[in-house]
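The block underneath contains the structure these notes are about, expressed in structure tokens.
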Amino acid sequence: MLDRYEITSVKARQVLDSRGNPTVECEIRTRGGGFGRAIVPSGKSTGKHEAVELRDGGLDWNGKGVSKAVKNVNDVIAPKIVGTDCRNQEALDYTLIALDGTPNKAKLGANAVLSVSLANAVAAASTKDTPLYYHLNALFGKPEMTLPVPFFNILNGGEHAGNKLAIQEFMIAPIGAKTFSEALKMGAEVYHELRNILIERYGRGAVNVGDEGGFAPPLKKTRDALDVIMEAIHRQGYESEIRLSIDVAASTFWTGKYYKIDGKRMKSERLLKFYTDLIEEYPIINIEDPFHEEDFDSFAMLTERVGKDVQITGDDLFVTNPRRIEQGIVKKSANAILLKLNQIGTLTEAFQAARLAYDNDWYVMVSHRSGDTEDPFIADLAVAISCGEIKAGAPARGERTAKYNRLLRIEEETEFSYAGKRWVLK
Ligand code: 2PG
Ligand code: MG
């Protein structure tokens, strides 16, 4: 007898991401009437070691079309997985990995592969008639679920903005909120206060936004950005609840010899001192990618110096890749990983990355991409693996609020606690 969990159709198409570039959407249906849809996001400050995003090249869509990846789903992957059981995520993902056959998904494209991997999980949850976070939690196998602290990227620099700030993301984390909804309120209030201050000081041109919805004011120096954010937090009266976080994305201003930041050329020792000074001056709880993507050793030095109090997160360094995370664990290069599904290409491998981090007492922050979509998958993922931290951009713009609004709904329908207490308030 044919089972209700049998996959009956797999269909991909090309849709647009938040930057207006093509990306892959996949839909999976099951015999029991289940339906899953997933859309793959796309990074800009991508790590060198990320899985390959397959693009068509040529003139159409400025070379960014994904028709080959779509064709790979419809013609190569679909025939192999139609008829299989959607509940067996690992078997499906290993089929995808084998079909691709390369270490970095270069043949079929990580965008093709991931769209199927995620749509399958959504279809399985739908067939079971259970929320996605429950289904993912069962697959991942963690005893509890929590609502993550949102890290709102309210001021943008680096490759995500047209200003001179070297650092890519300036985030606020309402760790002292009692609930997720309160955290969202604090984040939105500070975001709007920041807007007011930027207009007062620099005029209306200062509140154009970057790729992730944070403001991109014409500032040049790191401290100018941190000061204006502190002012916004102060005016809203949230000094005791909100802490700061930065994604330096240091590979983007590493010249091969030195770092170009704040009008200076810094070698890694000087940059390290720059960070320890910042940590003393500002309430920073997390620094992502403080050094370039091959520099495991400088990462380790910073982690040794400040890692007891500050989370040091590897994004471009680890690219959600268990093999690179293992290297980082041996070298003590960080104490957290950024989890981005499309850096590795399947849900199963992303779970392996997260488990590896947990098994070594590291933290995990679930993350969006700068080119993202209305798909809220990562909200459920952050709850399901109970990592307690998510970054999904500013509390504004649809592709970002899709994640935060999904978390509001999960909060309303569950008793899960807010993960703010995982951070020590100093
Ligand atoms: C990052 C991300 C997401 P991108 O560096 O962490 O904020 O940016 O998607 O451009 O790599
Ligand atoms: Mg990053």
So, Ser417, is that one small (Gly, Ala, Ser) and surrounded by fewer than 19 Cβ atoms within 10 Å (Cβ to Cβ) or not?
yes
Filtering region 48-67 down to residues that are out of contact with any Pro (no Cβ under 7 Å at 6 or more places or on another chain) and under 21 Å from Asp93 (Cβ atoms) yields His49, Glu50, Ala51, Val52, Glu53, Leu54
query = Mind checking whether some residue in region 397-411 is part of a loop (DSSP other than H, G, I, E, B) and within 16 Å of ligand 1 (Cβ to nearest atom)?
reply = yes
Result of the Cβ filter at 8 Å on region 225-252, keeping first residues that are under 15 Å from Tyr282 (Cβ atoms) and partners that are among the basic types (Lys, Arg) and open to solvent by 50 Å² or more (accessible area, probe 1.4 Å), at least 6 apart or interchain, is Val228/Arg201
The condition of being of a type in the set (Asp, Glu), more than 16 Å from ligand 1 (Cβ to nearest atom) and out of contact with any Lys or Arg (no Cβ under 9 Å at 6 or more places or on another chain) holds, among Asp56, Asp85, only for Asp85
field: Selection status of Lys64, farther than 15 Å from Cys26 by Cβ and open to solvent by 40 Å² or more (accessible area, probe 1.4 Å)
entry: yes
Listed by range, strands (runs of 3 or more DSSP E) wholly within region 2-48 having at least 2 residues that are over 25 Å from the mean Cα position of the chain (by Cα) are 7-16, 22-30
Condition set touching a Phe, Trp or Tyr at 6+ places or on another chain (Cβ under 7 Å), open to solvent by 20 Å² or more (accessible area, probe 1.4 Å) and closer than 26 Å to Glu288 by Cα, scope region 117-176, selection nearest to ligand 2 (Cβ to nearest atom): answer is Thr146
When region 274-293 is checked residue by residue, the ones that are in contact with a strand residue (DSSP E or B) (Cβ under 9 Å, 6 or more places away or on another chain) and more than 15 Å from ligand 2 (Cβ to nearest atom) are Phe274, Tyr275, Leu278, Ile279, Tyr282, Pro283, Ile284, Ile285
Taking region 73-98 and keeping only residues that are free of Cβ contacts under 8 Å to residues at least 60 places away in the same chain and within 18 Å of Pro41 (Cβ to Cβ), one is left with none
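The values are calculated or read from the model by the stated rules, or taken from the named source; none is laboratory data. None of the values given here were measured: they were computed from a predicted structure. Using ideal geometry, Cβ is built from the backbone for each residue, glycine included, and neighbour counts are taken over all protein chains shown. What goes into the accessible areas is simple: the full protein's heavy atoms, side chains included, and nothing from ligands, DNA or RNA. Shrake-Rupley method; radii C 1.70, N 1.55, O 1.52, S 1.80 Å.
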